[in-house]
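To start, the structure itself, in structure tokens.
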Amino acid sequence: VARIVTLHSYRGGTGKSSTAANLARLAADQGLRAALVDIDLQSPGAHLPFGIRDLTAQPCLADYLVGRCEIEGTAFPVPAASGALYLIPARRGLKPNSEIMVHGYDVGLLSEGFDRLVEVLDLDVLFLDTPSGIGNETVGAVACCDSLVIMTRADHLVAEAAEALSLASSLAHPRQAVVVNMLPAGMANDAVRQQAESVYGCPVVAVLPYCPEMAILGNQGLAARDFPDHPIVAGFRQVINEFLGWRP
Ligand SMILES: Nc1ncnc2c1ncn2[C@@H]1O[C@H](COP(=O)(O)OP(=O)(O)O)[C@@H](O)[C@H]1O
Ligand SMILES: [Mg+2]
């Protein structure tokens, strides 16, 4: 079973952050001790689906990376139906963390911090929500995970495959699977699944439907909490049960 799970896509807007938030919430609802780290320092947003608007008083990942606090001081408990759920936000407010921008940080602190979170919070699973592209944080998160979820969209499946695959294969790790998101109504699930499997050369663990409810709520919504009976939530559960190996 998975302990550190990274969600990656080369392009933005494939649904990494929404999927990461839903997987974390569903894992906790299933009785697990779960956490979600927002490592998107440039454009953080993993806190939004949990209704957190003001991070001014909350130590974040960026504070840890510049040595201002311990990683465990950045874990913020958020509600779940069972288990335990923690969020580690990327940075405070909208102001870029100038220390990080100017001076950088030791990338080894990322995997050290993730291991420490698993230990101190006694986690079953830690989800890493990455920025798009191949920046330091993404490379660090792909390199240190034991399970990699590559996110893509049904409508630009082929276009982004090469870059996602070259990053994944340059950083060898045991398990990876693809999640195809935003399947338009009327597009055949099986055809898209087959195409994705041949392009990516690894299993497709779920094909998630385009979900107007999610589009309308934007990053403020959390399907697993707000409309748990929607088919997209069944797709998220499939990822937890079948790919990550956590069965209810
Ligand atoms: N299956 C879906 N159907 C409709 N909208 C979706 C779906 N998945 C994600 N979205 C919406 O698409 C937008 C981008 O998703 P997000 O998770 O922020 O992508 P990323 O983190 O990969 O950039 C968000 O507004 C989100 O609510
Ligand atoms: Mg995102």
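The values are calculated or read from the model by the stated rules, or taken from the named source; none is laboratory data. Quantities reported herein were computed from a predicted structural model and do not represent experimental measurements. Here Cβ is always computed from backbone atoms with ideal geometry, including for glycine, and neighbour counts include all displayed protein chains. Accessible surface is based on the protein model in full, side chains and every heavy atom, while ligands, DNA and RNA are left aside. Shrake-Rupley method; radii C 1.70, N 1.55, O 1.52, S 1.80 Å.
Brief remarks follow.
- Among the residues making up the range 189-214, those that are in contact (Cβ under 8 Å) with a residue 40 or more places away in the chain and in a helix (DSSP H, G or I) are Ala196, Val199, Tyr200, Met214.
- Residue, farthest from ligand 2 (Cβ to nearest atom), within the range 32-43, restricted to residues that are more than 15 Å from the chain's Cα centre (by Cα) and either closer than 16 Å to Gln220 by Cβ or open to solvent by 40 Å² or more (accessible area, probe 1.4 Å) (or both): Arg33
- Condition check for Leu87: touching a residue at least 12 places away in the same chain (Cβ under 8 Å), open to solvent by less than 20 Å² (accessible area, probe 1.4 Å) and more than 27 Å from Pro248 (Cα to Cα): no
- Residues that are loosely packed, with under 13 Cβ neighbours inside 10 Å and part of a helix (DSSP H, G or I) within the range 165-188 comprise Ser166, Ser169, Ser170, listed in sequence order.
- Scope the range 200-224; condition out of contact with any Phe, Trp or Tyr (no Cβ under 9 Å at 6 or more places or on another chain) and either away from ligand 2 (no atom under 16 Å from the Cβ) or basic (Lys, Arg) (or both); matching residues: Tyr200, Gly201, Cys202, Val204, Val207, Pro209, Tyr210, Pro212, Ile216
- Looking only at the range 131-144, residues that are open to solvent by 10 Å² or more (accessible area, probe 1.4 Å) and either in contact with a strand residue (DSSP E or B) (Cβ under 7 Å, 6 or more places away or on another chain) or polar (S, T, N, Q) (or both) come to 3 in all.
- Cys60 satisfies every condition listed in (1) of a type outside the set (Val, Ile, Thr); (2) within 16 Å of ligand 1 (Cβ to nearest atom); (3) touching a Ser or Thr at 6+ places or on another chain (Cβ under 6 Å); (4) within 18 Å of Asn136 (Cβ to Cβ) except (2).
- Answer from Gly133, Gly73, Gly67 - the residue that is in a helix (DSSP H, G or I) and either closer than 17 Å to Pro44 by Cα or out of contact with any helix residue (DSSP H, G or I) (no Cβ under 7 Å at 6 or more places or on another chain) (or both): Gly73
- Which listed residue, of Gly104, Gly133, Gly108, is among the small types (Gly, Ala, Ser) and within 28 Å of Leu32 (Cα to Cα): Gly108
- From the options Ala21, Ala80, Ala46, residue that is open to solvent by less than 50 Å² (accessible area, probe 1.4 Å), modelled with pLDDT of 95 or more, in a loop (DSSP other than H, G, I, E, B) and out of contact with any Gly (no Cβ under 7 Å at 6 or more places or on another chain): Ala80
- Residues that are open to solvent by less than 40 Å² (accessible area, probe 1.4 Å), within 10 Å of ligand 1 (Cβ to nearest atom) and outside any helix (DSSP H, G or I), drawn from the range 1-18: Leu7, His8, Ser9, Thr14, Gly15
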